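See below for the structure under consideration.
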Ligand code: MEV
């Protein structure tokens with residue numbers, strides 16, 4: 001077999017501003033796609049194999065990632081032993097910023113191009129393939145990461161009984177700061193721990209999910225209007241509710257408090273929690289970045305338009 005032309009696919013990371021976990025149970029949430037994420041390069045090859053890197057530094061590929069990729073490729077009737085694949089991630093892995101959905105979307109878009117599919121079949125198969133891959137990583141994904149991975153700004157998201165309700169949100173530019181506070185357990189573990197708590201305390205969790213959903217709705221309105229103090233206040237309330245679900249941690253709580261003390265209008269964990277990142281509504285308060293550097297890597301994003309890591 002000769003090596004074919006290499007194709008490229010892209011997928012994007014995300015920040016969940018309101019509503020993680022409750023979104024799995026049909027409540028509304030708000031997220032924003034990042035302009036960074038994953039770039040996948042694929043070609044048919046006699047010398048098959050696949051590699052993943054983060055900003056060009058090699059990452060190891062575990063069995064779960066192998067399973068996710070082979071399920072994803074099977075949707076396109078492709079096998080990893082006939083392809084040469086490389087994925088480079090520009091967002092940290094396992095930090096709640098949507099690296100698995102970004103990688104799956106990049107690979108699926110590349111696979112669709114390799115198969116020369118028309119736009120409408122490509123769209124359907126990319127959706128199905130990313131869903132298959134996300135099910136391996138997340139257990140019971142709401143689909144919010146998958147939606148964000150396809151790109152484009154802020155949006156509100158709700159998983160209905162038989163349809164997704166997605167609404168793009170026009171939000172004025174604002175500076176957000178993300179700090180990677182601790183390594184995070186797999187998302188599937190955190191989703192499973194909330195599911196186990198729900199089995200025990202169904203009524204109280206229903207009311208926590210309802211409260212988170214209502215915060216997300218009010219948060220979407222505040223974001224649209226650029227009412228940043230209100231956004232921050234709602235983020236703080238969302239964080240208290242996430243802590244009551246057992247998905248925060250002492251380190252995440254401390255980092256949120258430090259960000260607020262340094263002038264952030266609000267702060268909460270973002271993603272599945274248990275570790276990972278916090279998100280702070282920082283605006284012009286650059287002291288937030290400084291104080292968060294003591295907790296881990298810090299990224300500053302002017303959303304929806306630009307982002308910088310430092
Ligand atoms: C993970 O980024 C967000 C969760 O709500 C899981 C999901 O929505 O699939 C924790």
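What follows is calculated from the coordinates using simple rules that are stated; it is not laboratory data. Everything numeric in this text was worked out from a predicted model, so none of it was measured. A quick note on method: Cβ atoms are made from the backbone with ideal geometry, for glycine too, and the neighbour counts reach across all protein chains shown.
At what distance in angstrom do the alpha carbon centres of segment 1-55 and segment 249-267 lie from each other? About 29 Å separates the Cα centre of segment 1-55 from the one of segment 249-267. Work out the FRET efficiency for residue 46 and residue 74 from their Cβ-Cβ distance, taking R0 = 35 Å, and round it to the nearest 0.05. It comes to 0.95. Estimated at 0.36 nm per residue, the fully extended path between residue 302 and residue 164 surpasses their Cα-Cα distance by 46.9 nm. Straightening the chain between residue 218 and residue 257 buys 11.8 nm, computed as 0.36 nm per residue apart minus the Cα-Cα spacing.
In the chain, the longest principal axis of the Cα atoms and the axis of helix 99-114 are about 30 degrees apart. Largest GNM mean-square fluctuation among 219, 296, 49, using the chain with Cα springs under 10 Å: 49. Cβ-Cβ distance of residue 128 and residue 173, R₀ of 41 Å, FRET efficiency by 1/(1 + (r/R0)^6): the value works out to about 0.75. Once each part is reduced to its C-alpha centroid, what is the distance from segment 92-122 to segment 175-192 in angstrom? About 21 Å separates the Cα centre of segment 92-122 from the one of segment 175-192. Considering only beta bridges that DSSP places wholly inside segment 1-153, some 75 percent are antiparallel. With n ≥ 4 as the cut-off for DSSP H runs, can you work out [θ] at 222 nm for the chain, using -39500 (n - 2.57) per run divided by the number of residues, rounded to the nearest 500? Mean residue ellipticity, 222 nm, calculated: -13000 deg cm²/dmol. What is the chain by shape, rounded, prolate or oblate, if you read a ≥ b ≥ c off the alpha carbon gyration tensor as root eigenvalues and call it rounded for a/c under 1.5, prolate for a/b larger than b/c, and oblate otherwise? Prolate, because a/c is 1.5 or more and a/b exceeds b/c. Here the extension length gained between residue 140 and residue 196 equals 18.9 nm, from 0.36 nm per residue of separation less the Cα-Cα distance. Comparing 66, 201, 140 in a Gaussian network model of the chain where C-alpha atoms under 10 Å apart are linked, the largest mean-square fluctuation is found at 201. With angles folded into 0 to 90 degrees, how steeply does helix 202-225 sit against the dominant principal axis of the chain? Use alpha carbons for both and round to 10. The angle comes out at about 90 degrees.
May I ask for the angle, rounded to the nearest 10°, between helix 250-261 and the longest principal axis of the chain, with both axes built from Cα atoms and the value confined to 0 to 90°? Its long axis makes an angle of about 60 degrees.
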